[in-house]
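A quick write-up on the structure given underneath.
Every read-out reported here was derived from the displayed coordinates using simple, explicitly stated rules and does not represent laboratory data. Keep in mind that what you see is a predicted model, and the values were worked out from it rather than measured. Reconstructed Cβ throughout: ideal geometry from the backbone, glycine too, with neighbour counts over all protein chains shown.
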């Protein structure tokens, strides 16, 4: 099957079933961040166990699988916005979600470069906080999208979306507090995260 045939079939599906595509976008906006958070927590545990740190660890693969899931939803969501298949409130959620995906993709590459240059990096780095901001925007966009739905089985995942949003805001907030608090806050975490409080 050629690429042109696949694109035509996808376009036909999009035109005939925009609601199904929207459900897929919302599903990816909920479960993509959960995968990212799971990989991030696992990565923190690996620091505690003092496992070798480089970019292509299994933990980072899990994180960037979640980023890929979210970005796929962002692409589909942007098509729905361009085609004007969504309401104004849904459009706002999709745009916030898409901005978060773009930030994660850009700074995911920056994180790769950071690991290539510095090797081990910490909780606070020039790539991590933008990545965390992107995650907050992804979860916020996902929450706004699911909240905008009037009906559908996917509405049952509102609590999951709220939990993801709270966790992502907490993660970013904790790491930003390390920036503000500096050495005093970092000392208890230094042993756990090795150079976890190093600001690169």
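Counting neighbouring beta carbons within 10 Å and listing from fewest to most, the residues 91, 156 come out as 156, 91. Rounded to the nearest 0.05, the FRET efficiency derived from the C-beta distance between residue 78 and residue 41 at R0 = 22 Å is 0.15. Sorting 157-163, 104-110 by their mean Cβ neighbour count within 10 Å, with the most densely packed peptide first, gives 104-110, 157-163. Once both labels are positioned 7 Å from their Cα atoms along Cα-to-Cβ, the gap between residue 177 and residue 110 label points is 2.4 nm.
Compute the FRET efficiency between residue 19 and residue 166 as 1/(1 + (r/R0)^6), taking r as their Cβ-Cβ distance and R0 = 22 Å, and round to the nearest 0.05. Don't skip to the end; give the middle numbers.
Details: r = 28 Å, r/R0 = 1.29.
Computed FRET efficiency for residue 19 and residue 166: 0.20.
For the pair residue 102 and residue 58 in one chain, pulling the backbone fully straight at 0.36 nm per residue adds 13.6 nm over the alpha carbon distance.
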